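Trainee: This is the structure, below, for whatever I ask next.
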Amino acid sequence: MADKIEENVLYKALEVLDLPTFITKDELKNRYRELAKKYHPDISEDVKRMSEINEAYELLMHYIENFRYSFDNDEISKQVPDFTLNGKFRV
């Protein structure tokens with residue numbers, strides 16, 4: 001898989017899985033499992049849909065697993081407003 005993923009491809013993958021743009025890895029996994037149960041070839045004859053679901057899941061997991069995290073105070077405050085590192089570590 002290419003290292004550079006185009007933004008519109010990510011949005012399409014989210015659309016295929018019917019997910020919002022702000023998700024956790026667990027939310028992605030849970031949604032994939034739901035859809036895989038519904039569209040599995042043993043249950044559904046829509047093989048194309050299952051293929052789209054698999055491709056979208058693999059793309060988003062690749063993105064999440066290779067994402068560079070920001071530990072900037074502003075970013076932490078946006079992601080987890082109640083979290084603070086003040087006094088947690090000695091410098």
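Readers should treat all values here as calculations from the given coordinates under stated rules, not as data from a laboratory. Because the structure is predicted, anything quoted here is derived from the model rather than measured. No Cβ is skipped: glycine too gets one built from the backbone with ideal geometry, and neighbour counts run over all protein chains shown.
Trainee: When ranked by the protection proxy of mean other Cβ atoms within 10 Å per residue, highest first, what sequence do the peptides 27-36, 71-80, 43-52 form?
Mentor: 27-36, 43-52, 71-80
Trainee: Also: For the range 18-27, in order, what is each residue's ³J(HN,Hα) by Karplus, 6.51 cos²θ - 1.76 cosθ + 1.60 with θ = phi - 60°, in whole Hz (x at glycine and Pro)?
Mentor: Ordered by residue, 3J(HN,Hα) equals 6, 10, x, 7, 10, 9, 9, 4, 5, 5 Hz.
Trainee: To the nearest 20 debye, what charge dipole does the range 7-79 have about its Cα centre, counting +1 at the Cβ of each Lys and Arg and -1 at the Cβ of each Asp and Glu?
Mentor: 160
Trainee: Below 8 Å between Cα atoms, with a sequence gap of 6+, how large is the relative contact order for the range 21-91 in percent? Please report the intermediate quantities before stating the final value.
Mentor: Numbers: 23 pairs, mean separation 13.5, N = 71.
Relative contact order here is 19 percent.
Trainee: Quick one: what does P(r) look like for the range 7-79 with 10 Å bins over all Cα pairs, in whole %?
Mentor: For the range 7-79, the pair-distance distribution reads 18, 46, 26, 8, 3.
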